[in-house]
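Novice: Attaching a single structure in structure tokens format; questions to follow.
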Amino acid sequence: MGDPWRGDSTPPGAKRRRGSVPASAQHDIGPWWVLPGFALLLLTGCATLDEGQCRTVDWFDLGQRDGADGYPPERIGDHHQACAEFGLQVDGDHWRRGYQAGLESYCTAENGYAVGRRGMHYGRVCPDGAESGFLAAYELGRETYDIEQEIAQLDRRIESLQERLSRSEGVDQEARRDTRRHLSELYRQMGWLRRSRDRLESEWRYRF
């Protein structure tokens, strides 16, 4: 496969992260890394169950759902804390059996890619035998997500400049030429990003 970045200013042989924008094209896009979602972490700061749930919950089913959602095994501690507020106990054995069953559905390559594509956090919960496939797919999905975030950011920048250009009739022509040159550079960057995203999506289809 040819190098889609051919023609940029990166020196031959220089190491570049797959899918990243050449250094010469990064000044308008912003930082590469997009912070992952911390929904799972935030949830652990709140009560996971109310009194009625603590009394009636199917602990195997709850463990299975927690595992399928990618929660860490320490999640059982959050349930312990929630139910202790009402003087109630959790069924840890049933929860753990359900949790392991839930991990079996979570720790697949297909789900790893889906989790990455949504920009979600992965808490290293998969067992050794399943983690390599999950993680390879997750990283591919996450890289695609990161590029899509850059595309969205760049698209907003292009839209803003296009609007500025449409309102600048009759003003300084040099300023209009500068805006057009700027837009041309952003269109070029957008092409790079879209080709990288397409290549990553093709890699997902062929590798998995």
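The values are calculated or read from the model by the stated rules, or taken from the named source; none is laboratory data. What you see is a predicted model; the values in this text were computed from it and never measured. Heads up, the Cβs are rebuilt from the backbone with ideal geometry, glycines too, and the neighbour counts pull from every protein chain shown.
Novice: Of the residues Asp28, Asp3, Asp66, only one is of a type outside the set (S, T, N, Q) and at pLDDT 50 or above; which? So that I can check it myself, show each step before the final result.
Specialist: Working: Asp28 fails: at pLDDT 50 or above; Asp3 fails: at pLDDT 50 or above.
The unique qualifying residue is Asp66.
Novice: I'd like to check something: does the range 136-148 contain any residue that is buried (at least 17 other Cβ atoms within 10 Å of the Cβ), under 13 Å from Gly70 (Cα atoms) and more than 18 Å from the chain's Cα centre (by Cα)? Show your work before the answer.
Specialist: Taking the range 136-148 first, the residues buried (at least 17 other Cβ atoms within 10 Å of the Cβ) are 137-138, 140-148.
Okay, now just the ones that are also under 13 Å from Gly70 (Cα atoms), so 138.
From the residues that got through so far, the ones that are more than 18 Å from the chain's Cα centre (by Cα) too are none.
No, because not a single residue in the range 136-148 is buried (at least 17 other Cβ atoms within 10 Å of the Cβ), under 13 Å from Gly70 (Cα atoms) and more than 18 Å from the chain's Cα centre (by Cα).
Novice: Quick one: in the range 157-170, which of the residues that are surrounded by fewer than 10 Cβ atoms within 10 Å (Cβ to Cβ) and not acidic (Asp, Glu) is modelled with the lowest pLDDT? Full working, then the answer.
Specialist: Quick first cut of the range 157-170, residues surrounded by fewer than 10 Cβ atoms within 10 Å (Cβ to Cβ) only: 166-167, 169-170.
Subset that is not acidic (Asp, Glu): 166-167, 170.
Numbers: Ser166: 80, Arg167: 76, Gly170: 61.
Looking at the filtered set, the residue picked out is Gly170.
Novice: When you scan the range 78-96, do you find a residue that is within 22 Å of Trp204 (Cβ to Cβ), among the β-branched types (Val, Ile, Thr) and not in a helix (DSSP H, G or I), even just one?
Specialist: Going through the range 78-96, the residues within 22 Å of Trp204 (Cβ to Cβ) turn out to be none.
No, there is no match, as no residue in the range 78-96 is within 22 Å of Trp204 (Cβ to Cβ), among the β-branched types (Val, Ile, Thr) and not in a helix (DSSP H, G or I).
Novice: Filter the range 110-164 down to residues that are among the β-branched types (Val, Ile, Thr) and in contact with a Leu (Cβ under 8 Å, 6 or more places away or on another chain) and give me whichever is nearest to Arg205 (Cα to Cα).
Specialist: To start, the set of residues in the range 110-164 that are among the β-branched types (Val, Ile, Thr) comprises 115, 125, 144, 147, 151, 158.
Narrowing further to those that are in contact with a Leu (Cβ under 8 Å, 6 or more places away or on another chain): 125, 144, 147, 151, 158.
Details: Val125: 25, Thr144: 13, Ile147: 17, Ile151: 21, Ile158: 30 Å.
By that ranking, first place goes to Thr144.
Novice: Within the range 164-175, is there a residue that is outside any loop (DSSP other than H, G, I, E, B) and touching a residue at least 24 places away in the same chain (Cβ under 8 Å)?
Specialist: Initially, the range 164-175 is screened for residues outside any loop (DSSP other than H, G, I, E, B), giving 164-166, 173-175.
Among the residues that remain, those that are also touching a residue at least 24 places away in the same chain (Cβ under 8 Å) are: none.
No, the range 164-175 contains no residue that is outside any loop (DSSP other than H, G, I, E, B) and touching a residue at least 24 places away in the same chain (Cβ under 8 Å).
Novice: While we're on this one: Conditions first: (1) in contact (Cβ under 8 Å) with a residue 60 or more places away in the chain; (2) loosely packed, with under 13 Cβ neighbours inside 10 Å. Glu185 passes all but one, so which condition is the exception?
Specialist: (2)
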